[in-house]
């Protein structure tokens, strides 16, 4: 950062009798007051340069520079309201201003929200409800000589075939689309009905 010099002071850069009294962060303008009491504002974003007049100074110069500058409590004006509010000379806007919604910000965030919604739907489709695509009315085992079996947690094709009295090859042959290495709880397997009946009768 450079060293401070006398050229950085307002007294050097501003015209004679002009002083800076404020800054409006909403518009990015600096507010200045002249010796006669009139107020000026700079262009947006510039500290020094062309200025536009905001208000004319008072016609009767009752206050001197020794008085309290801008002290409303010390010098209440006749135009003040009963609650003490008094508009500043540079306040050209009404007291309450309707705030507008910035729709451009929502337009920029819309793709992000859309991606989140798609990810949530995919999580529900493939993890929470993996069998949503299969219709419940369709019989998984259309052959009348077969019996359907719902896979329980911890079961494998070999355990199911041994528990129902059939070989692993027969089980894989009856369930051609089922991959025994990727068997998941809730899947439906078809088992031979005759073997199941013999097991139940013994």
**Request:** Note down the Stokes-Einstein diffusion coefficient of region 146-201 in µm²/s, whole number, using a Kirkwood radius over alpha carbon pairs, 25 °C, and 0.890 mPa s.
**Result:** 219
**Message:** What distance in nm separates the two pseudo spin-label positions at residue 188 and residue 123, each 7 Å out from Cα along the beta-carbon direction?
**Reply:** 2.9
**Fill in**
Computed over region 146-201, the relative contact order (Cα-Cα under 8 Å, seq sep at least six) in percent reads 54
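Each value in this text was obtained by applying a stated rule to the coordinates, not by laboratory testing. Here the structure is a predicted model, which is why all the values come from computation and not from measurement. With ideal geometry, Cβ positions are generated from the backbone for all residues, glycine too; neighbour counts draw on all protein chains shown.
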